[in-house]
1. Placing +1 at every Lys and Arg Cβ and -1 at every Asp and Glu Cβ, with all other atoms neutral, what dipole size does the range 7-219 have around its Cα centre, in debye to the nearest 20?
2. Take every Cα-Cα distance within the range 128-199, group them into 10 Å bins from 0 onward, and report for each bin the whole-number percent of pairs it holds.
3. For a Förster distance of 25 Å, can you work out the FRET efficiency between the beta-carbons of Leu136 and Phe335, rounded to the nearest 0.05?
4. Given the chain, what percent of its DSSP beta bridges are antiparallel, to the nearest 5?
5. Please find, in a Gaussian network model of the chain (springs between Cα atoms separated by less than 10 Å), the residue of Arg179, Arg205, Arg324 whose mean-square fluctuation is greatest.
6. Could you tally the net charge around Leu180, taking each other residue with its Cβ under 13 Å from the Cβ of Leu180, Lys/Arg +1 and Asp/Glu -1?
7. For the range 1-112, what is the Kirkwood estimate of the hydrodynamic radius, computed as the reciprocal of the mean inverse distance between distinct Cα atoms, to one decimal in Å?
8. Taking the chain as a Gaussian network, Cα atoms linked when under 10 Å apart, which of Ser98, Ser174, Ser33 shows the biggest mean-square fluctuation?
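What follows is calculated from the coordinates using simple rules that are stated; it is not laboratory data. Small disclaimer: the values here were computed from a predicted structure and weren't measured. Counting neighbours? That spans all protein chains shown, and the Cβs are built from the backbone with ideal geometry, glycine included.
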Amino acid sequence: MTPAKPLLVVIGGFLGAGKTTLLLRAAALLERSGYRTALITNDQGSALVDTRLACAATPQTEEVAGGCFCCRFSDFLEAADRLRAFEPDIILAEPVGSCIDIAATVLLPLAEYHGDRYRLAPFTVLVDPQRARELLAPDADPQLAYLFTNQLAEADLVCFSRADTGVDFPELPSAVAFRLSGTTGEGVAEWLAEVLADGRLSGARPLADVNYGRYAEAEATLGWMNWRATLLLERALSPAQVVGQFLDCLGEALSRDGIAIAHLKLFDQAPTGHIRASLCRNQGEPMVDGMLDASPALEHDLVLNLRACGSPVQLQVALREAARQLPGSPAVIHFECFRPAPPQPQYRIESH
């Protein structure tokens, strides 16, 4: 029987850590084990690659857009309440990758005010080993390092991602509970067993006295760009061909202008199938998933999400240059480019 109170599993972590890949892998594994699952995605803007990918996997998906869970706490709660109509056992939720203070502004308020409707799993923070090495180095960007180290500090469980890639795992200030791969599934069942176990507190390590001025300044280091367009071609190309060319052109334009990529995601939905590609750094190897063998098509629905250390104007210039090199004229459906507004949480509780 479905429990009256679904379990909320919140998976945090810096941009590009692999949260969405883990969320979808966990949902699939839980469904095979007999659990009913639902998903909540989150972003400062709208038109999200993650939501498109999640909806392709399960219709039980909600999106909280226009701000992080803490600033949109009421929207987050309404999204979770709508999902309760599907009678899920578990709701998996992914906050914005630049957010900190999740324990005090999301988890503890949920426990305090809505514990009669939801159970809470320990707060997992996912860490990309290479990004950890970069952000813990002496020459790391101090603003991004501030966000990253505070994410580690408030985690109930810290987990490395990319366990399938053979990378070296650096030492972290916090103990690492698991090494996972959302791509292959390595370690995911063991992590889920810990998450589902009774007796673990959620939000047990809330941050004390967060300097919200510093937090706002750190988030504003990043430019945020979301773009969606329909691309009509004269000669049919596969989603893999379109995504590969667009990603290469945009990556080159950003690198030439000295704009450091924090996370770049591109989703292509064609009548023959869909594909997602993502980059976590300039000149990096893209991670690609979806229907890699999808046949060529004339119509492509493209969704682009970019978070990078550059101004909105710089990001727009790079996008225009890359779009001009597409093998067709994109008809833009949605566009927004901005720096995140200062966070203003609806609630904040510092202890159980």
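1. 380
2. Taking every Cα pair in the range 128-199, the percentages come to 19, 47, 28, 6, 0.
3. Working from the Cβ atoms, E equals 0.10.
4. 65
5. Arg324
6. -1
7. Radius from the Kirkwood sum: 14.0 Å.
8. The residue with the greatest mean-square fluctuation here is Ser33.
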